[in-house]
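Since the structure comes first, as structure tokens, the remarks are kept for the end.
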Amino acid sequence: MHPNPAFRQSPEARNIAFSRAQGFGLLCVGTEGAPLVSHIPFLLSEDGRRAEFHLVRSNPIARLLAAPLQARLAVQGAHSYVSPDWYGVEDQVPTWNYIAVHLVGEVRLQPQEALHDLLDRQSALFEEKLAPKPAWTTSKMSEGVMERMMRQIVPCAMDVGEIDGTWKLSQNKPDEVRERAAEQVEGHGMGQEIATLAAHMRAPDG
């Protein structure tokens, strides 16, 4: 995470709300070789202390979970390149603004019988956001198909001990300079969710 304290002042509640809303991240585990990384959807509890997800049984991380494992779940949001010219003042350098939260804790396998409930809760969360479309549920699966598919995946949970957020939104610039840059990011930014990033730059404290 960025070392500048100016970018790391967001309250824990904001970092939790962001992570819960994103619901997708990079699960990272250290090994003797290169770190293992899996892209996963997840559920995060309201207090941010428990993340639930599933892994394909053949996933290298799943294979390491015979015992609890320390891991980092990196959740990325809006981001964009920022040109020095966009500030409207001299002696600036290129940078990249972004929002990211890291959840750190111990990952454990969960009982296999917990898997169906996890999948139901996970799909319900995202289907709810598609309303008024009728929600998809696992009950729509043909008899026996869901059970066969679930044999290929395992339920997991992370007990989150650390929540660390970076909201790099040009807070180290004067307001008028940051707002000029936000306007250019919205019109010409390159990255992801640039309108969202610009909005946060205009109101970096949320």
Once you list every other residue whose beta carbon is under 15 Å from the beta carbon of A181, what net charge do they have if Lys and Arg are +1 and Asp and Glu are -1?
-> -3
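So what's the net charge close to V89: Lys and Arg +1, Asp and Glu -1, counting the other residues with Cβ under 12 Å from its Cβ?
Neighbourhood net charge equals -1.
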Output ordering of 66-79, 110-123 (per-residue mean of other Cβ within 10 Å, highest first) is 66-79, 110-123
Gaussian network model of the chain, Cα springs within a sub-10 Å range: biggest mean-square fluctuation belongs to which of A181, A21, A34?
-> A34
So how do C156, C28 line up by other beta-carbon neighbours within 10 Å, fewest first?
-> C28, C156
Check cross-link reach from K129 to the lysines: straight Cα distance under 20 Å, and skip same-chain residues fewer than eight apart.
-> K140
Once the Cα atoms of helix 115-128 and of the chain are each reduced to a long axis, what angle between those two axes, in degrees from 0 to 90 to the nearest 10, is obtained?
-> 40
Measuring from centroid to centroid over Cα atoms, what is the spacing of region 86-123 and region 21-35 in Å?
-> 10
Loop GluC sites (Glu not before Pro), region 48-107, which have at most 13 other Cβ atoms in a 10 Å radius of their Cβ (DSSP) = E90
Measure nothing but the geometry: give the 0 to 90° angle between the long axis through the Cα atoms of 175-188 and the longest principal axis through the Cα atoms of the chain, rounded to 10°.
-> 60
0 to 90° range, to nearest 10: angle between helix 12-22 axis and the chain longest Cα axis = 60
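Using DSSP to define loop residues, name the GluC sites (Glu not before Pro) in region 119-185 whose beta-carbon has at most 12 other beta-carbon atoms within 10 Å.
Details: sites: E127, E128, E143, E147, E162, E176, E179, E183; in loops: E143.
Here the sparse-neighbourhood loop sites are E143.
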Compute the Rg to Rh ratio over the chain from the alpha carbon atoms, using the Kirkwood formula for Rh, and round to two decimal places.
-> 1.05
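Just so you know, all these numbers are worked out from the coordinates, no wet-lab data involved. The structure presented is a predicted model; accordingly, all values stated were derived computationally and were not measured. All Cβ positions, glycine included, derive from the backbone under ideal geometry; neighbour counts span all protein chains shown.
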